[in-house]
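Reviewing the structure listed below.
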Amino acid sequence: MTTYLKMDAPQPRHLDETAQGVLGAPQDRPEGPLKVSGRAVYAAEHELDNMADGFLVRATISKGRVVRIDEASVKAMPGVLAVISDERFLRNPAQGGAGAAPVQGAAEVAYFGQPIAVVVAETFEQARHAARSLKVEYAVEEADVDPETASKVDTPDRRQLDQGDIAAAMGDAPHAVDVTYTTPVQSSAPMEPHASIAEWDGDRLILRGSYQMLKFNRAELADSLGISAQNVRILSPYVGGGFGSKLGIAPEAVAASIAAQELGRPVRVVMARQQVFEGTMRRSETRQRIRLAADTEGRLTALGQEDRVSNLVGESFSEPTAQATHFLYGGENRRFKQEVARVNRTCAGSVRAPGEAVGMLALECAMDELAEAAGLDPIELRKRNIPDLHPESGIQYSARSLAACLDEGARRFGWSERSPEPGQRREGEWLIGLGMATAARANVLSEAQARVTLHPDGTALVETDMTDIGTGTYAVLRQLVAEMLGLPSEKVEARLGDTDLPPGPGSGGSWGASSSGSAAFLACRGIRQMLATKLGCTADELRLQDGTATGGNLRAPLADLLTDGPMVEEGHLVPGTTAKEFSQASYGAHFAEVAVNATTGETRVRRMLGVFAAGRILNEKTARSQCQGGMVWGIGAALTEEIAHDPRDGHIVNRDLAEYHVPVNLDVPQIEVAFLDERDDAACPIQSKGIGELGISGAGAAVVNAIYNACGVRVREYPATLDKVLAGLPAL
Amino acid sequence: MEITLDINGDRQVLDLDPRTSLLDALRHHLGLTGSKKGCDHGQCGACTILVNGRRINSCLTLAAMHEDDEITTIEGIGRPGHLAPLQEGFVRHDGFQCGYCTPGQIMSATAMIEEAREGWPSYVSPSLEGDIELSDEEIAERMSGNLCRCAAYTGIVQAIREAAETREAAE
Ligand code: FES
Ligand code: FES
């Protein structure tokens, strides 16, 4: 049977009534022992009988056509089995949640690095050598590689909004800032490169891949190949990081599938690190003009965010730069505008917290500038501008603990010791400063199904195609089911990452735990109803703890209620009207202390604190890790991460981990995270909200604001590398 | 070409393409996929293993160069149910998320603790001489060749600090 819920009304807090007491506890990840001992098997690590290895070949032009692929140039090389280039090849990965093939075809080249062929050989070494030796002829066309000068620029309707008169409000206001910030192209750079092993059994394809959203990936892969989704099974039980780059089916999966079919044997295609940078997704660069005006009390009267981003022709995705700005602060005169430049660069798509990750870098620094202009503490300015109702739609907010996060963070961090005047604290050659920023990430719920089985031996199983990409899904679902069925967590197993299991929305948009967790919760409610009936009490009276059921003066071990065999139930959650009736988001506050070297301009982050409220926390340990991870991404965005495109042909110059600088251990202090107790009844029946992307939202701005406080240099061009800081420092 | 490797105490005879890296020999030919490939260029540390007790990036060396060397991989230092203290510490402190960099972190830390005990200074050491105290900063510097994009650095440092202290107390 199925227990179904459409979120058309705020939900009661059943999970505050249960007895087991494991939900929210900082429990270890159940798959931890496998991961730390090297026994968790990732996509590329399956050894199938008779498997061949494929290596992708990339385009070395930015725009044009492949005229000839000289197969003879490699066919005679040892071990080479095939050179395959097919019209079903993907130009770029599918966008997150597309559920259909992206632009296809290997003959038309739209960016430098586009996969145009795969060379398959008996071994990896042979395939790699042959792929790099393959001769390709092109007809080159003129490319647009610079977003600032691109000839084609779109203005998507959904990204334009004019409310009131921003120009007049700016002119009238006692305090105003009108500043432009830029953020560079960034890359997800998950540690596990994209990888697929394709194996056909007649008409049926099994793909072992590294993917985040299997329900959609299955449909995308089937559509790309022109086969029925019924004939595709994808397995991704372990994913070595995704951060958006594995949301949609990617070129290596389709290439492996086509090659495996053609050769009649399993084929593995693993992207080289350079190919991950060039051939998956980038985060678009942004240029953002922020306008803020405030009255004498520091209340916003105008707010504007106008940005230019870029993408390939034919991609409907554009970075939702202003996503959080719409709901975060008030101000009756508002203007939002977006331009999307069409360029021949690697496809732009979702990278961890699309929108907030870059939009908040600009907005939260501009707020710091406004606070200074208005002579207000930056925290006070933010608190004065938390709106009562959504400033555009007028709808109400669901649980929103922003002010409490700001206050709690200020208290824990010692904010009162900050001097509002920059450059006041010096330790030797280091200038010390404190900065803060708001965190906010829109909350989304997505359709999800899950199956729960309760066995007579007091163990339970929860199954869904949901993935765990490091997010803690195995831990969280296990605890949720243990809580609902009154079992110790060790008695519950979570089985994930297989399209044969009930579909969920996957890992993306921070919706995974709430959506799939709610589906598992509903399944458990169904089982609780069955148990109550068996015991002879009502579901409300039923109490389950440590394998024993009590209710209405009755008491029985679970085994006695399961004499007919296991109980099986599916849960099915569908978003409803609460998504439209409430503005829902997770909130937080970031605090950073930096040291800026007065001689070199180098910045070191010395302390960092994030205080967050995201509804019910399902596992305090994994939630903390998610937030810490996001905050470190903020450090990277603030200080080091930047993809450089060659201005002549747009190719990515720093396409490896030596030149694209993700933060390393020494760049990161011990990061402190605190959660505020919150329940969001409008979000979902388990009262939780997204947390995987919250930590990055605003984090980089806190660091850059701290740089300003340390040394008085306002860097508006991310990242704040030492050359930019140094340029503003006084001569020695 | 035929080569003999000594891995986790077992002698393995392999017939390999001379171009095969030590990492690929482990992953593709011996089923030892615990050592991960993040970059194949010595830039991420995911492939870190021990050769004669020292940590190396196994993607940067050819298998053919390691006849007679003593090789230790993550599979050789513990397994579920019998984890090494450092592995247990990583689980307890959540020193990982996706787990892909983790075997490399643990192998690197295993060797790093010994390096510090032998008095090897680092970039952040106050002096080139004398004993090394594994402060958080020392640990972070010495582990900066192992990237973690999930950014579990806080837990990684905690797990290593704890294991180093336990190792010290056991002396
Ligand atoms: S795979 Fe060897 S250092 Fe990255
Ligand atoms: S745990 Fe994912 S990269 Fe380190």
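Within the stretch B:39-52, restricting attention to residues that are assigned to a loop (DSSP other than H, G, I, E, B) and in contact with an Asp or Glu (Cβ under 7 Å, 6 or more places away or on another chain), the residue that is farthest from the other protein chains (Cβ to nearest Cβ) is B:Asn52. If I ask for residues that are at the interface with another protein chain (Cβ under 7 Å from one of its Cβ atoms) and of a type in the set (S, T, N, Q), which ones from the stretch B:9-34 would you list? Matches in the stretch B:9-34: B:Thr20, B:Thr33. For the stretch B:147-171, residues that are assigned to a loop (DSSP other than H, G, I, E, B) and either open to solvent by 20 Å² or more (accessible area, probe 1.4 Å) or in contact with a Cys (Cβ under 6 Å, 6 or more places away or on another chain) (or both) total 5. So for the stretch B:71-85 (the condition being among the β-branched types (Val, Ile, Thr) and part of a helix (DSSP H, G or I)), does at least one residue qualify? Scanning the stretch B:71-85 turns up at least one residue that is among the β-branched types (Val, Ile, Thr) and part of a helix (DSSP H, G or I).
Checked against (1) within 25 Å of A:Val145 (Cβ to Cβ); (2) part of a helix (DSSP H, G or I), A:Arg287 meets all criteria but (2). Residues in the stretch A:29-71 that are outside any loop (DSSP other than H, G, I, E, B) and at pLDDT below 95: there are none.
I need the full set of residues from the stretch A:616-640 which are surrounded by 19 or more Cβ atoms within 10 Å (Cβ to Cβ) and more than 11 Å from chain B (Cβ to nearest Cβ), in order please. Result: A:Arg616, A:Ile617, A:Leu618, A:Ala637, A:Ala638, A:Leu639. Screening the stretch A:168-181 for residues that are open to solvent by 10 Å² or more (accessible area, probe 1.4 Å) and under 25 Å from A:Ala341 (Cβ atoms) and picking the one that is nearest to ligand 1 (Cβ to nearest atom) gives A:Thr180.
Within the stretch A:488-496, identify whether any single residue is within 14 Å of chain B (Cβ to nearest Cβ), over 30 Å from A:Gly551 (Cβ atoms) and open to solvent by 40 Å² or more (accessible area, probe 1.4 Å), and answer yes or no. No, every residue in the stretch A:488-496 fails to be within 14 Å of chain B (Cβ to nearest Cβ), over 30 Å from A:Gly551 (Cβ atoms) and open to solvent by 40 Å² or more (accessible area, probe 1.4 Å). Just one of (1) closer than 28 Å to A:Ala682 by Cα; (2) crowded, with 23+ Cβ neighbours inside 10 Å fails for A:Cys365. It is (1). With respect to A:Val276, determine if the residue is within 16 Å of ligand 1 (Cβ to nearest atom), open to solvent by less than 20 Å² (accessible area, probe 1.4 Å) and not acidic (Asp, Glu). In short, yes.
Scanning the stretch A:695-716 for residues that are outside any helix (DSSP H, G or I) and under 18 Å from the mean Cα position of the chain (by Cα), we see that the one that is surrounded by the fewest Cβ atoms within 10 Å (Cβ to Cβ) is A:Gly698. Filter the stretch B:121-144 for residues that are within 18 Å of the chain's Cα centre (by Cα) and either at the interface with another protein chain (Cβ under 8 Å from one of its Cβ atoms) or exposed (fewer than 15 other Cβ atoms within 10 Å of the Cβ) (or both) and give the result. Within the stretch B:121-144, B:Ile139, B:Ala140, B:Glu141, B:Met143, B:Ser144 meet the criteria.
When each of A:Thr550, A:Thr499, A:Thr467, A:Thr473 is tested for being more than 24 Å from A:Tyr4 (Cβ to Cβ) and either buried (at least 20 other Cβ atoms within 10 Å of the Cβ) or of a type outside the set (Asp, Glu) (or both), the lone residue that passes is A:Thr550. Against the definition (of a type outside the set (Phe, Trp, Tyr) and in contact with a His (Cβ under 7 Å, 6 or more places away or on another chain)), how does A:Glu392 come out, yes or no? Spelling it out, A:Glu392 is indeed of a type outside the set (Phe, Trp, Tyr) and in contact with a His (Cβ under 7 Å, 6 or more places away or on another chain). Scanning the stretch B:59-73 finds no residues that are within 22 Å of A:Gly32 (Cα to Cα), within 9 Å of another protein chain (Cβ to nearest Cβ) and either surrounded by fewer than 16 Cβ atoms within 10 Å (Cβ to Cβ) or modelled with pLDDT under 95 (or both).
Candidates are the residues of the stretch A:663-679 that are at the interface with chain B (Cβ under 10 Å from one of its Cβ atoms), open to solvent by 10 Å² or more (accessible area, probe 1.4 Å) and assigned to a loop (DSSP other than H, G, I, E, B); the one that is nearest to A:Ala25 (Cα to Cα) is A:Gln670. Any residue at all in the stretch B:96-106 that is open to solvent by 60 Å² or more (accessible area, probe 1.4 Å) and modelled with pLDDT of 95 or more? No, the stretch B:96-106 contains no residue that is open to solvent by 60 Å² or more (accessible area, probe 1.4 Å) and modelled with pLDDT of 95 or more.
If the condition is being more than 7 Å from ligand 1 (Cβ to nearest atom), within 19 Å of B:Gly99 (Cβ to Cβ) and either open to solvent by 10 Å² or more (accessible area, probe 1.4 Å) or in the same structural domain as B:Gln105 (by TED's automatic domain parsing) (or both), then the stretch B:17-42 contributes B:Arg27, B:Gly31, B:Leu32, B:Thr33. For A:Ala106, the criteria (1) in contact (Cβ under 8 Å) with a residue 60 or more places away in the chain; (2) assigned to a loop (DSSP other than H, G, I, E, B); (3) under 18 Å from A:Val269 (Cα atoms) hold in every case but one, which is (1). Residues in the stretch A:182-196 that are more than 10 Å from chain B (Cβ to nearest Cβ) and either surrounded by fewer than 24 Cβ atoms within 10 Å (Cβ to Cβ) or without any contact (Cβ under 8 Å) to a residue 60 or more places away in the chain (or both): A:Thr182, A:Pro184, A:Val185. Do we have any residue at all in the stretch A:677-696 that's farther than 30 Å from A:Val481 by Cα, in the same structural domain as A:Ala585 (by TED's automatic domain parsing) and of a type outside the set (Val, Ile, Thr)? Within the stretch A:677-696, none of the residues are farther than 30 Å from A:Val481 by Cα, in the same structural domain as A:Ala585 (by TED's automatic domain parsing) and of a type outside the set (Val, Ile, Thr). Can you name the residue in the stretch A:113-169 that is of a type in the set (Lys, Arg) and within 30 Å of A:Ala259 (Cα to Cα) and is also farthest from the other protein chains (Cβ to nearest Cβ) among such residues? Per the stated criteria, the residue is A:Lys135. Residues that are within 16 Å of ligand 1 (Cβ to nearest atom) and part of a loop (DSSP other than H, G, I, E, B) within the stretch B:97-144 comprise B:Cys98, B:Gly99, B:Tyr100, B:Cys101, B:Met143, B:Ser144, listed in sequence order. In this structure, A:Met631 qualifies as outside any strand (DSSP E or B) and assigned by TED's automatic domain parsing to the domain that holds A:Gly409.
In the stretch A:260-269, the count of residues that are in contact with a Pro (Cβ under 8 Å, 6 or more places away or on another chain), assigned to a strand (DSSP E or B), β-branched (Val, Ile, Thr) and within 18 Å of A:Tyr211 (Cβ to Cβ) is zero.
Only one of these is assigned by TED's automatic domain parsing to the domain that holds A:Arg426 and over 31 Å from the mean Cα position of the chain (by Cα): A:Ala549, A:Ala623, A:Ala598. Name it.
When all the criteria are applied, what remains is A:Ala598.
The values are calculated or read from the model by the stated rules, or taken from the named source; none is laboratory data. These numbers were taken from a predicted model, which means no experiment stands behind them. For neighbour counting, all protein chains shown are included, and Cβ atoms are generated from backbone atoms with ideal geometry for every residue, glycine included. The accessibility values were calculated without ligands, DNA or RNA, using every heavy atom of the protein model including side chains. Shrake-Rupley method; radii C 1.70, N 1.55, O 1.52, S 1.80 Å.
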